[in-house]
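Below is one structure, written out as C-alpha cells; comments come after it.
Only the coordinates and a few stated rules stand behind these numbers; no lab work does. Not measured: the values here are computed from a predicted model. Cβ atoms come from the backbone with ideal geometry, glycine included; neighbour counts cover every protein chain shown.
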Amino acid sequence: MISAVAPAKINLAFLSGPARPDGYHSVISIYQALDLFEKVSVESADDWRVELIGAELAEAERVPIDSSNLVIKAALELAKHVGIEKPQPMRFVIEKHVPPAAGMAGGSADAAASLVALNRAWGLDLSSAELTKVAAKIGADVPFALLGGTALGLDTGIELRPLPPLGLQFALLIFSTPGLSTADVFKEFDRLCPDGDLTKTPDQVVSQYESGVGKILGDNSLEVAAYSLRPDLFGMAQTIPGKKAFVSGSGPTLFMLSKDSEEVASWHRAFIASGFSAMVCKTSNGSAELVN
C-alpha cells in the first residue's frame, strides 16, 4: 500500500461575509496546521472501499465509508483532472486521529492525503500546484491540508497565501459532543448575521497576525453561531479563569495556545478535572506528504 499523511488545522482567525448567490461565503481565514496528522493508505481493489482505523465507535459512525467519503471524491476528481474516464477502484484505509465534525478539517486532511497517495499510486507525477487545483474542487479546507504550515485563506478558503511561520506553540484542544456540521453552523450564522461579518480587510488581518498572534485569536465570525447551536460551549470556554478558549472554525473544538508547555499542561489538567475531553499537541509547519 502507498501511504500519505496530512495535518489537521485550527483557525487562528475566521471572518465571513454573507451568503453569496452560489450559497458559499467569502472568508478571510488564517489557517494553522497542527502536529496531528491523518494517515491514508491506498491500494488497488475490485471495488471502491473505505476502512477506518483508530476511530472510536461513536466517532466512526460520523465518518461515511461509502462514496460520500471525501477520499473517494478526491479520487474521482483526480481521475477527471487527468482524463481517466474509468479509474481503477481503490481501497482506502484511513487512520483517524482527528475527531469528525470538530472544526479541524479531519475529512479534508483525509482527502489531501489521498490525493498525494493516489498521485504516486497512479504514476501521475502531478505538481503541488496541479494537486491544489484538484483539491479546490473537493472542499474549502482541502487545499490548506495539502499546503500546511500557516496561511491566509481567501474566497471560500481555497485561495491561499503562505504566511511567516507562527513558531512553536503548544495547543490545548478541548473536544465535546455532539459535533457541529459546517453547513449547520453557516446556516445559523446566516440567520444571526445576514449581512456577514467581514469587519477587516485581508491586509489588516495579516498585519495583526504579524504583529502578534494574540491580536487575532478569537476573531471568529462563526463563534456566535456555534454558541447558539451549542450553548454549553460558552461555559466550557470560560473554564480557566481569565483565559478564554477559542472556537476553531465552525467548532465545536475549542483551543488555547501558549509557548509555555507547563502553562498548557496546567490548562489541560483543569479541563480534565472539570470532566472535559482534551489533549495537548503543537503547531506544525508540516504539509501533506508520502510516508512509509
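A few notes on this one:
- Residue order, fewest to most surrounding Cβ atoms within 10 angstrom, among T201, T182: T201, T182
- Cα-centre dipole for the range 116-197 with unit charges at Cβ (Lys and Arg positive, Asp and Glu negative), debye to 20: 280 debye
- Compared with the dominant principal axis of the Cα atoms in the chain, helix 70-82 is inclined by about 50°.
- Tail beyond 31 Å, pair distance distribution of the chain (Cα, percent): 26 percent
- Relative to the longest principal axis of the Cα atoms of the chain, helix 261-273 runs at roughly 90 degrees.
- Candidates L192, L152, L254: whichever shows maximal mean-square fluctuation once the chain is modelled as a Gaussian network with Cα springs under 10 Å: L192
- Positive-end residue of G17, V264, V93, charge dipole of the chain with Cβ unit charges: V264
- Whole-Hz couplings from phi, Karplus 6.51/-1.76/1.60, listed for the range 182-197; x for Gly and Pro: 4, 4, 5, 5, 5, 4, 5, 4, 4, 5, 7, 10, x, 8, x, 8
- Cα gyration tensor, the range 195-284 - rounded (a/c under 1.5), prolate or oblate: oblate
- Burial ordering of E223, E85, E51, fewest other beta-carbon atoms within 10 Å first: E85, E51, E223
- Shape class for the range 116-275: prolate, because the ratio a/c of the largest to smallest gyration tensor axis (alpha-carbon atoms, square roots of eigenvalues) is 1.5 or more and a/b beats b/c.
- Positive-pole candidate from C193, S274, V82, dipole of the chain, charges at beta carbon: S274
- Shape of the range 1-136, Cα gyration tensor, a/c cut at 1.5: oblate
- The HN-Hα couplings worked out from phi for the range 160-167 by the Karplus form 6.51 cos²θ - 1.76 cosθ + 1.60 (θ = phi - 60°) are 10, 10, x, 10, x, x, 5, x Hz, whole numbers, x standing for Gly and Pro.
- For the chain, the Cβ-based charge dipole about the Cα centre amounts to some 280 debye (Lys, Arg positive; Asp, Glu negative; other atoms uncharged).
- Residue with peak Gaussian network fluctuation, the chain [Cα springs, cutoff 10 Å], from D46, D219, D190: D46
- Result for the chain in a Gaussian network model with C-alpha springs under 10 Å: among Q32, Q169, Q204, the largest mean-square fluctuation is at Q204.
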